[in-house]
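Where a number appears in this text, it was derived from the coordinates with a stated rule and is not lab data. Being a predicted model, the structure only gives us computed values, none of them experimental. Cβ sites come from the backbone with ideal geometry, for glycine too, and all protein chains shown count toward neighbours.
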């Protein structure tokens, strides 16, 4: 079997990646169940193991930090309640800012968005996405959540714009998946009726898109 990193399936890097993938699959199969510590652990470990992988492969410290904060956000969001939601929101807000710093540090500068028309078109689409997302959520969330959500959307947009400067299809693709996951999550949580039969499918799609995004970004830096 061909493995993405040096060594066989029992090499530290490959074993860590497999551990992450297994945790992600386990969590996907438990999405319809009530929150438990085991379910929270599976969700948290899926991305936490990507942070470990980045660390043992000598990846950028900012990548390790962003993945670790994302794992903390997953731990919060695996539980019910507004406090847990705000904890997850704060964790991912900082993770997005760190990702933006990482991409800008690794990329060729924001002037690339003007120099390359296709990158400019994606940047414009990202800006429209952020505006539509903010407008859709503003009236549907309580006053106490409006400013945190607006800050989060700005952080998503900053991450997306900065990713376009990296010239890495893995990273750009991962960030597009990340934004799609966030948009779908907001739709499922705030815009779709609680009794809608579509919510279970949307939650699965959110997780698949999100994990694929984190995996693509991680591999983009470690294998690119």
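Quick look at the values:
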{"read-out": "Which numbered condition residue 69 fails, given (1) surrounded by 20 or more Cβ atoms within 10 Å (Cβ to Cβ); (2) without any contact (Cβ under 8 Å) to a residue 40 or more places away in the chain; (3) over 19 Å from residue 153 (Cα atoms)", "value": "(3)"}
{"read-out": "For residue 120: the one exception among (1) closer than 29 Å to residue 30 by Cβ; (2) in contact with a helix residue (DSSP H, G or I) (Cβ under 6 Å, 6 or more places away or on another chain); (3) surrounded by fewer than 15 Cβ atoms within 10 Å (Cβ to Cβ)", "value": "(1)"}
{"read-out": "Among residues of region 20-55, those that are touching a residue at least 40 places away in the same chain (Cβ under 8 Å) and more than 18 Å from the chain's Cα centre (by Cα), counted", "value": "2"}
{"read-out": "Matching option when the condition is farther than 26 Å from residue 222 by Cβ and within 18 Å of the chain's Cα centre (by Cα), among 178, 129, 103", "value": "129"}
{"read-out": "Complete set of residues in region 123-162 that are surrounded by fewer than 18 Cβ atoms within 10 Å (Cβ to Cβ) and within 22 Å of residue 173 (Cα to Cα)", "value": "124, 125, 127, 128, 131, 132, 154"}
{"read-out": "Residue in region 187-198 that is in contact with a helix residue (DSSP H, G or I) (Cβ under 8 Å, 6 or more places away or on another chain), closer than 17 Å to residue 126 by Cα and assigned to a helix (DSSP H, G or I) present", "value": "yes"}
